[in-house]
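Working notes for the structure below.
Every number here is computed from the coordinates shown, using simple stated rules; none is lab data. On a predicted model such as this, the values are computed, not experimentally measured, just so you know. Every residue, glycine among them, receives a Cβ derived from its backbone with ideal geometry; neighbour counts consider all protein chains shown.
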Amino acid sequence: MTISHHVTGDGPDLLLVHAGVADSRMWARQVEELKSSRRVITLDLRGYGETPPAPKYSDAGDVLALLEELGAKDVTAVGASYGGYVVQQVATRAPELFSRLVLLCAPTDNVQPDDELRALWGEENTLLEAGDVDGATDLTVRRWIGPEADDEARELLRVMQKRAYDVQLAAGDVDNEEWPVEPEKITAPVRLITGAHDFKFFTDSADYLAERLPNPHRLHLPWAGHLPTLERPTEALPLITE
């Protein structure tokens, strides 16, 4: 099954991979700005948006297969949070496909979550086990988006996360094969972006990558939380393009 995706515009290939609390709709404002000068590729990973889950799959494999199907080359890939982790997996396996990576508050291998994030995951699991999907959704909106976000961005996050919970809980247990991340094999320049209002785990992950990637550029945003392109969409656009 091909994952749900959308291609618009004409020009160099730009791939946008969404966060694990969102889906491809998180990029709507950026797509409108970017499609005049680039071929913009957005997608819904399995269990998000319009892509149903599967019992066994690989997010990285799905993304690589989509890029090959589209004949993409010299790709600029932008990954937010978990989407950034997927991008790292693909760029490790097929570095020749990419001309540039932008990782927004992304995790990576060999870095441990901080206590605050573990506590949040525990609270989320407690709510979901109790059947309180609305409560878990509210928790996501409170904790996963920074103070600069407007009401429109918060409501969009609520809708996207509620959709993911509904789809994933109905699917039950699934097996997502993750590919190893080997930073030394990622040859494209990589911009590593983190936010001062985000969990420490994501800053630690970016610092770890910055020490191991061949061509990193590190940027820490004093105003940002975990989803800077939703929090300040206009200001965040140059983070992707420049």
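The 3J(HN,Hα) values that the Karplus relation (6.51, -1.76, 1.60; θ = phi - 60°) gives for the stretch 218-224 are, in residue order, 9, 9, 10, 9, x, 9, 8 Hz. Gly and Pro appear as x. Restricting the calculation to alpha carbons of the stretch 1-90 gives Rg and Dmax of 12.1, 38 angstrom.
Residues in the stretch 182-195 carry Karplus couplings, in order, of 10, x, 4, 8, 8, 8, 6, x, 10, 8, 10, 10, 9, x Hz; the curve used is 6.51 cos²θ - 1.76 cosθ + 1.60 with θ = phi - 60°, and Gly or Pro positions show x.
Amide H contacts of Thr51 (H built 1.01 Å from N, in plane; Pro and chain starts excluded): Ser4 sit under 5 Å, all sequence-distant by 5 or more or on other chains.
Using a Gaussian network model of the chain with C-alpha springs under 10 Å, which one of Gly11, Gly146, Gly84 is most mobile by mean-square fluctuation? In the Gaussian network model the winner is Gly11. A cut-off under 15 angstrom between Cβ atoms defines the neighbours of Pro55, and their net charge, with Lys, Arg +1 and Asp, Glu -1, is -3. Loop-resident trypsin sites (Lys or Arg not before Pro) (DSSP state other than H, G, I, E or B) in the stretch 1-84 with no more than 15 further Cβ atoms inside 10 Å of their Cβ: Lys73.
Radius of gyration (Cα atoms) of the chain, expressed as a multiple of 2.2 N^0.38 Å: 0.94. Each helix, a run of at least 4 DSSP H residues, gives -39500 (n - 2.57); summed and divided by the residues of the chain, these come to -12500 deg cm²/dmol at 222 nm.
About its Cα centre, the stretch 5-241 has a charge dipole of approximately 660 debye under the convention of +1 per Lys or Arg Cβ and -1 per Asp or Glu Cβ, with nothing else charged. For the chain, averaging the sequence separation of C-alpha pairs within contact (under 8 Å, six or more residues apart) and dividing by the residue count gives a relative contact order of 23 percent. With R₀ set to 25 Å, the beta-carbon distance separating Ala28 from Ala196 gives a calculated FRET efficiency near 0.50.
Do any GluC sites (Glu not before Pro) in the stretch 203-240 lie in a DSSP loop with no more than 11 other beta carbon atoms within 10 Å, and if so, which?
On the way: sites: Glu211, Glu231, Glu235; in loops: Glu211.
Hits after loop and neighbour filter: Glu211.
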